[in-house]
Amino acid sequence: MAKGAGGDVPENLTDVLLGMLAAVQSQLAAVEILLRQAQLGEAPRTELPAGADATPLTPRELEVLRLLGRGASNRIIGRELGISDHTVRSHLQAVFRKLGVAHRTQAVTAALQYGLIDPYSDAAEESGQGGASDSAMPKY
């Protein structure tokens, strides 16, 4: 740890701050989608966009997507799931192909629209109703 104005500063502070920013962005996208669906009385979409692969996501791809929705970096996803960064990238490429998207934000947005991830699931985990308490994923 390095010394900062307020005391000890974690060496991975940049990763933590970038993760927090990504998590906030993901949550804002989730809120926007949920509000729009509520205003229009829409249910989550079920049809995939043109160009998407109709193959269902594997359980591991869904885990990667869930962590991606929390704003986790590839490094944090790998640490949380016990897999390498290379394997995380492979899973993300499969998720992108199957959802018909090109990048992380689109994947999270599509996952929310299709009901693949629950933007409120972390609240249940943090309140002790699910999830591991010794998780490597930082809680924001």
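The values are calculated or read from the model by the stated rules, or taken from the named source; none is laboratory data. For clarity, every value in this text was computed on a predicted model and none was experimentally measured. Please note: Cβ atoms are built from the backbone with ideal geometry, for glycine as well, and neighbour counts cover all protein chains shown.
Return yes or no: is Glu125 modelled with pLDDT of 90 or more and among the acidic types (Asp, Glu)?
Criteria not met by Glu125.
Hey, Leu112 hits all of (1) part of a loop (DSSP other than H, G, I, E, B); (2) surrounded by 19 or more Cβ atoms within 10 Å (Cβ to Cβ); (3) of a type outside the set (Phe, Trp, Tyr); (4) at pLDDT below 85 but one; which does it fall short on?
(1)
For region 62-70, state whether one or more residues are modelled with pLDDT under 95, buried (at least 16 other Cβ atoms within 10 Å of the Cβ) and not in a helix (DSSP H, G or I).
Yes, the conditions are met somewhere in region 62-70.
For a quick check of your reading of the model, give me the residue pairs whose first member lies in region 88-111 and is on the phi > 0 side of the Ramachandran plot, whose second is surrounded by 14 or more Cβ atoms within 10 Å (Cβ to Cβ) and of a type in the set (A, V, I, L, M, F, W, C), with beta-carbon atoms closer than 9 Å and at least 6 apart or on different chains.
Note: pairs meeting the criteria are Gly100/Leu48; Gly100/Ala52; Gly100/Ala110.
Residue pairs, Cβ under 8 Å, 6 or more apart or interchain, first in region 52-81 and under 18 Å from Leu28 (Cα atoms), second among the basic types (Lys, Arg) and buried (at least 16 other Cβ atoms within 10 Å of the Cβ). List them.
Leu68/Arg104
Mind listing whichever residues of region 80-93 are of a type outside the set (Val, Ile, Thr), part of a helix (DSSP H, G or I) and surrounded by fewer than 17 Cβ atoms within 10 Å (Cβ to Cβ)? Before you say what the answer is, go through the steps one by one.
Kept after step one, since they are of a type outside the set (Val, Ile, Thr), are these residues of region 80-93: 80-82, 84-86, 89-93.
Within this subset, residues satisfying the condition of being part of a helix (DSSP H, G or I) are 80-81, 85-86, 89-93.
Those that are of a type outside the set (Val, Ile, Thr), part of a helix (DSSP H, G or I) and surrounded by fewer than 17 Cβ atoms within 10 Å (Cβ to Cβ): Asp85, His86, Arg89, Ser90, Gln93.
For region 47-60, state whether one or more residues are under 24 Å from Ala102 (Cα atoms), among the charged types (D, E, K, R), in a helix (DSSP H, G or I) and modelled with pLDDT under 80.
no
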